[in-house]
Every structure is written in structure tokens, then in C-alpha cells.
Amino acid sequence: MEKSNPYEMALEQLDKAVKKIKLDPGVHEILKYPKRTVIVSVPIIMDNGECKVFTGYRVQHHDARGPFKGGVRYHPDVTLEEVKALAMWMTWKCSVMDLPFGGAKGGVVCNPRAMSEGELQRLTRRYTANLIRFIGPETDILAPDVYTNPKTMAWIMDTYSTYVGYCAPGVVTGKPLSIGGSKGRLEATAMGVSFMCREAANLLKIEPKEGRVAVQGYGNVGYYAAKFAREMGFKVVGVSDSSGGIYDPDGLDPDAVQAHKGKAGSVRGYEGSEEITNRELLELECDILIPAALENQITEANADNIKARVVVEGANGPTTPKADEILFEKEIMVVPDILANAGGVTVSYFEWVQDLMSYFWTYEAVMKTLDEKMVAALKDVLETARKNRVDLRTAAYMLAVGRVAETIELRGIFP
Ligand code: GLU
């Protein structure tokens, strides 16, 4: 059986790239481990007056190229191994995009859907307070991830600012616009995903109006990815969320599905659609598959049944290494997570720059710069893949790991 530990999966992906770039074994060893792992217990008073203690993590993988950067996720299944993998993936994501950041990730084991806004605010503030010595605009910059959003970021920013005694918007990105957020950040991850869909369709000569798209996950990334895909002319034939999926070969209207989800709590039951399972969603007859939920979705068990011609990874770590091999053999193109969903952190970088300058860009400037940066990174990855006859993930890793390694070698190892 294939391993499902995401950190082991991340190490396996790293190994595969390291073999191709002939990395110094000492540097490889350094890159395997996070530089710092912070585990905090987060006690808060619940609405019923009881004290409950949650576990929170912040894993800082590497900062050779710049401050640590990465989101914070709230989910009942968060584990340390998962956060370690996600932190490492952030290092490669920032590097492949050539951003001056390292990689980190945070997580709190909780079920945000069963918590009130007041409880979530207290949880966020106490988690931030417990990390206060380890985060900051020049050390580690937080951002949204699964089940966290601009409101969560506002609480982090306010808590941090209260501690340091001045307004410090640069400690977190993905903030609301009025407190130093960037135009376009909310939908940036999905916008980047749609740019990659456009480029992949172009390469594979899939006409948008003939291209069928399926999206797994209907959170911030999934919903906007479906919406932008439709705006580009693709037909969105299937979408799903954690409770199941819907299918309509004539195409769904992502905004109407979102409105339905707002009322019903799930995409399921959307009028005129056929109900399918999450598994069926992944195996749909389509051209572009966008996994935009959690890790470990396309595995050894179902990779052979994938019918899409291209997989554009909106989620982090949706495809296991075994599944990667199967997809490569089937000649299914995989635009890897560290590139495909890098639109989020790239606009986070723009937001951080805007905060440091206290000068804000237009929406058009944000999206144009994002498009250029993503297309340039894809070009580098395609070129590396072609030269080395490897899949796009390995190529993206070769570039990303190579850049981090170069920085470590130039800076030298202290003492
Ligand atoms: N959580 C997002 C990711 O996985 C965004 C991170 C960021 O903006 O720092 O890429």
C-alpha cells in the first residue's frame, strides 16, 4: 500500500528532484527538516463558559531566500506531519515563483464549522499571541488557507499590532482591503489556476469552448476556479465539496451553484444536476481536472481511472508520487501545486510589498503582474521538463530546490 503521510510524500518528491540535480548531500539533509517547529496549546473560553484547549502548529521550513511565508489552516484533521509537508511545499512554491520568501505553514486542530465567530476570534488571537516571538513582517508572514479567511487575517494583524505597539499590516497577507490588503488577493489562487488552465489548454490545443472542466472542492479556490474557467469559455461539467458532487454535461453556472451552497450548505441538490460522489468527480469524462480540496486525492487506487487530459492542482499535495507515475505514463499533464496554486502566495507577495511601501496597486496591475510571473515560471518549468525528460512536478522541484540550494551554498553554514 502507498503511504499516505504527506511529509513522507514531500520527502519522496524532494528525493526524486535531488537525484536529477545532483545536490550536495549535506544540503539535501538540511532541506529535509524544518528549521523550526512551534507547537502551542491554545486555551480559550467557549461560548458556554467552558475552557477548551486546542493544539496549534507553526512549522517554518526554510528561510534562506527570505522571511518564512505561508498560510494557516483550521481543520479537524490537521496533523504535525501534514503541516511539515505544507511548510516544505511553501518553500518550493515561493522559490519556483522566484519570490524572496522561504516557506512555512500553520495549523490549528479544530472544527471551525462548529464554532461561533467569537470562539474563532479568541482562538485566532490566542494562537497568534502564542507565536508572537516567531512571526513578523521580516520573520514569518501568515496568510489564509483551508477554513481561514480575510477576517481571520484581520484578527492576526490586530493581535500582532497590539503586542508590538504599532500598526503592522505586513505580518499577514490576505487581509481585508481596508486594513492593507491587496486588490485581487481573495481570488488570486484561483486566478492563477485559471491562467494555468488557459496555458495548458493552449499547449494541448483544447479549444476553451470544447474544454470540459471538473473541480473538486468548492471553497475559496474551487468556487473561483470554476467561475473563472467558465468566464474563459470552458464548460464546468462537475463540481464537489466535502459532502459530495454534482454533474451536468451541459455545464453548471458556478455563481448559481455558490448561491445554492450558501443556502443549502453544500453544492449537492443543485437544481438540474445529477448527484455524484467525490470519487466519481475525479474520474469524470472531462479535459481539465482541478483538484482544489485537500491532499491525497489522486492516488495509486484511482489514478488509472482519471480521464482528464490535464490536472491543474489548485490544492496542495492532491496527487501522490505513485499516482504521478501513473499519470505520467498515461501522458496526462499535471501542472503541479507549487506552480498551479502559486497565484495566492504571489499576490501575497504583492500585498506585502504594498504594505511595506504604503502604496497600493490597481486590480489590473496586480493581475497583469501575476499573469506575467506565472507564465514565466511555467515556461521555465516546461523547458526544464523537456531538457531532462521529466514530469512537470519534478521539473518545478529541480528549479525550486536548485535555487534554495544555491542560496544556502552562497550564504554558507553557520558557524
Ligand atoms: N495558503 C496559500 C498557499 O498554500 C497561500 C499562502 C500565502 O499566501 O502565504 O499557497
Accessible-area order for Phe328, Phe414, Phe234, largest to smallest, probe 1.4 angstrom, reads Phe414, Phe328, Phe234
Descending principal axes extents, the range 259-415, alpha-carbon based, whole Å: 58, 42, 31
For Leu131, Leu410, Leu186, give me the order by solvent-accessible area with a 1.4 Å probe, most accessible first, ignoring ligands, DNA and RNA. Leu410, Leu186, Leu131
Using a 7 Å offset from the Cα along the Cα-to-Cβ direction at both Glu274 and Asn48, what is the distance between the two label points in nm, to one decimal? 4.4 nm
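Applying 1/(1 + (r/R0)^6) with R0 = 30 Å to the Cβ-Cβ distance of Met357 and Arg411, what FRET efficiency is obtained, to the nearest 0.05? Can you show the working numbers first?
Working: r = 26 Å, r/R0 = 0.88.
Efficiency, from the Cβ-Cβ distance: 0.70.
If each residue of separation counts as 0.36 nm, what is the full-extension length gain between Asp255 and Asp77 once their alpha-carbon separation is subtracted? Present the calculation step by step, with values, prior to reporting the outcome.
Values: separation 178, 0.36 × 178 = 64.08 nm, distance 2.89 nm.
Gain on stretching Asp255 to Asp77: 61.2 nm.
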Quick one: check the C-alpha center-to-center distance for the range 291-345 versus the range 76-135, whole angstrom. 23 Å
Within the range 1-99, percent of DSSP bridges classed antiparallel, to nearest 5: 100 percent
Sites Glu207 and Glu231 - FRET efficiency at Förster radius 25 Å, r taken between beta-carbons, to 0.05: 0.95
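Taking 23 Å as the cut-off for C-alpha to C-alpha distance, list the pairs among Lys330/Lys373; Lys183/Lys235; Lys227/Lys263 that go past it. Walk me through the numbers before you get to the answer.
Details: Lys330/Lys373 29 Å; Lys183/Lys235 27 Å; Lys227/Lys263 18 Å.
Result: Lys330/Lys373; Lys183/Lys235 exceed 23 Å.
So for the chain: antiparallel DSSP bridges make up what percent, rounded to the nearest 5? Walk me through the numbers on the way to the answer.
Numbers: 24 of 49 bridges.
Around 50 percent of the beta bridges assigned by DSSP in the chain are antiparallel ones.
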Please return the longest range in the chain lying between exposed loop sites, taking trypsin sites (Lys or Arg not before Pro), DSSP loop only, at most 10 other beta-carbon atoms within 10 Å, and leaving the sites out. 206-388
The range 1-60 versus the range 168-223: alpha-carbon centroid distance in Å: 25 Å
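Please tell me the relative contact order of the range 122-256 in percent, rounded to the nearest whole number, where contacts are Cα pairs under 8 Å and at least six residues apart.
Details: 187 pairs, mean separation 21.2, N = 135.
With pairs under 8 Å counted, the relative contact order is 16 percent.
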What percent of all Cα-Cα pairs in the range 100-246 falls in each 10 Å bin, counting up from 0? 10, 33, 29, 19, 8, 1
Between the DSSP loop rule and a limit of at most 16 other Cβ atoms within 10 Å, which GluC sites (Glu not before Pro) in the range 217-299 are left? Glu271, Glu285
Show me the helices of the chain, taken as full DSSP H stretches, that run 27 Å or more along their long axis by Cα and average -1.0 or above in Kyte-Doolittle hydropathy. 363-388, 392-411
For the chain, diffusion coefficient by Stokes-Einstein and Kirkwood Rh (Cα), 20 °C, 1.002 mPa s, µm²/s: 100 µm²/s
Taking a virtual spin label 7 Å from the Cα of Asp15 along the C-beta vector, which residues in the range 353-395 bring their backbone nitrogen under 20 Å of it? 390-395
Does the range 1-141 come out rounded, prolate or oblate by the C-alpha gyration tensor, with a ≥ b ≥ c the root eigenvalues, rounded set by a/c under 1.5 and, if not, prolate when a/b is larger than b/c and oblate if not? prolate
Under 19 Å from a point placed 7 Å out from the Cα of Lys387 along the Cα-to-Cβ direction: which residues of the range 18-38 have their backbone N that close? 18-24
What GluC sites (Glu not before Pro) in the range 119-215 are in a loop by DSSP, with at most 14 other Cβ atoms within 10 Å of the Cβ? Glu138
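State, as an integer percentage, the relative contact order of the chain based on alpha-carbon contacts under 8 Å between residues 6 or more apart.
Numbers: 874 pairs, mean separation 68.1, N = 415.
Dividing the mean separation by the residue count of the chain yields 16 percent.
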Past the 18 Å Cα-Cα mark, which pairs from Lys69/Lys175; Lys84/Lys379; Lys16/Lys105? Lys84/Lys379; Lys16/Lys105
Counting only heavy atoms of protein chains, what accessible area per residue, in Å², does the range 79-180 have with a probe of 1.4 Å? 35 Å²
First select every other residue whose beta carbon is under 12 angstrom from the beta carbon of Ala256; then total the charges, Lys and Arg +1, Asp and Glu -1. 0
Residue-averaged 222 nm ellipticity for the chain, from DSSP H runs of 4+ at -39500 (n - 2.57), nearest 500: -14500 deg cm²/dmol
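The values are calculated or read from the model by the stated rules, or taken from the named source; none is laboratory data. Remember, it's a predicted structure, so these values are computed and weren't measured experimentally. Here the Cβ is made from the backbone with ideal geometry for all residues, glycine too, and neighbour counts use every protein chain on show. Heads up: the accessible areas ignore ligands, DNA and RNA and are worked out on the full protein's heavy atoms, side chains in. Shrake-Rupley method; radii C 1.70, N 1.55, O 1.52, S 1.80 Å.
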